[in-house]
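Structure first, then comments.
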Amino acid sequence: MKAEECTLPQTPVRRAGIGLLLLLSLALLPAAVPPPLEAQGSSQPTGLIGMSMEDLMKVDVDSVYGAAGYKQKLTETPASVTIITSDEIRRYGYRTLAEILSNVPGLYVTYDRDYTYVGFRGFSRPGDYNSRVMLLIDGHLLNDDVYQQALIGTDFPLDVDLIDRVEVIRGPNTSSYVASAFLGVINVITKRGRDARGLTASAELASYGTFKTSLTYGNQLQNGLEILLSGSF
């Protein structure tokens, strides 16, 4: 025998119960749906992005001296400039100017067991002895008078501990300097007396019997005069 389906009659009470259940489900539906997620970046911007034009004009920007022969902001310099500060020199443990320049983007340093050479953007003509790069210390020319070579290795005359920062200006600067500034200009800025903070002594010991000792004294007097004395061996 075939079983007959048993259906309940749609009485008015049953229809009212179904309608009440539908209304209750519609009322609870908004609470069950999670709120829409906020898009990334919809929060208040931070840093330079959220600053007004007036505030951006007041931001402290590094200055460079070697690009035009006088002090000007990096944003006003018509050249590609990289600045290496004394904090970076101390943090990475650079011992020579060549090691400082080897980590500058666009520059590469080579060593032939005799001299150290620096190349700009893939160009370094053999036998030039860095004669196409101008090396300055506080704006004073350091290239020699015979070959116009720039010494950047262990023969660099200034102790690295006395460097406040190094300005690397890429590109021809012969309009501001002489022909040796064809590839670029490297301007080394020394520390002042107030940066030495009294008496400082340091010593280094390396392989093959090499060593280094240095003694530095710096101070700023009450009348504004600064004194910096240093010797290394």
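The values are calculated or read from the model by the stated rules, or taken from the named source; none is laboratory data. From a predicted model like this one, the values you see are computed outputs, not experimental measurements. We place every Cβ from the backbone using ideal geometry, glycine too, and count neighbours over all the protein chains shown.
Tabulated data
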quantity	calculated
Filter pass, ARG95 being surrounded by 14 or more Cβ atoms within 10 Å (Cβ to Cβ), touching a Lys or Arg at 6+ places or on another chain (Cβ under 9 Å), of a type in the set (Lys, Arg) and under 20 Å from ASP195 (Cα atoms)	yes
Odd one out for TYR117, checked against (1) at pLDDT 90 or above; (2) in a loop (DSSP other than H, G, I, E, B); (3) not charged (D, E, K, R)	(2)
Unmet criterion (only one of (1) modelled with pLDDT of 85 or more; (2) not in a helix (DSSP H, G or I); (3) not aliphatic (A, V, I, L, M)) for ASP161	(2)
Where PRO45 falls short, out of the listed (1) modelled with pLDDT under 70; (2) closer than 24 Å to GLY139 by Cβ	(2)
Of residues in the range 74-91 being at pLDDT 75 or above and among the charged types (D, E, K, R), the one surrounded by the most Cβ atoms within 10 Å (Cβ to Cβ)	GLU88
Qualifying positions in the range 103-131 - in contact with a Gly (Cβ under 8 Å, 6 or more places away or on another chain) and within 12 Å of PHE182 (Cα to Cα)	PHE120
Residues located in the range 102-114, provided they are not β-branched (Val, Ile, Thr) and not in a loop (DSSP other than H, G, I, E, B)	SER102, LEU107, TYR108, TYR111
Whichever residue in the range 164-191 is in a loop (DSSP other than H, G, I, E, B) and either in contact with a helix residue (DSSP H, G or I) (Cβ under 6 Å, 6 or more places away or on another chain) or not assigned by TED's automatic domain parsing to the domain that holds ILE89 (or both) and, among such residues, is modelled with the highest pLDDT	LYS191
Residues located in the range 132-149, provided they are more than 19 Å from PRO105 (Cα to Cα) and either in contact with a Lys or Arg (Cβ under 9 Å, 6 or more places away or on another chain) or touching a residue at least 60 places away in the same chain (Cβ under 8 Å) (or both)	LEU136, GLY139, GLN148
Residue satisfying all of: in the range 192-233; assigned to a loop (DSSP other than H, G, I, E, B) and under 29 Å from the mean Cα position of the chain (by Cα); nearest to GLY153 (Cα to Cα) among these	ARG192
Sole residue being buried (at least 18 other Cβ atoms within 10 Å of the Cβ) and of a type outside the set (A, V, I, L, M), chosen from THR110, THR154, THR116	THR116
Meets criteria (at pLDDT 90 or above and among the small types (Gly, Ala, Ser)) for SER63	no
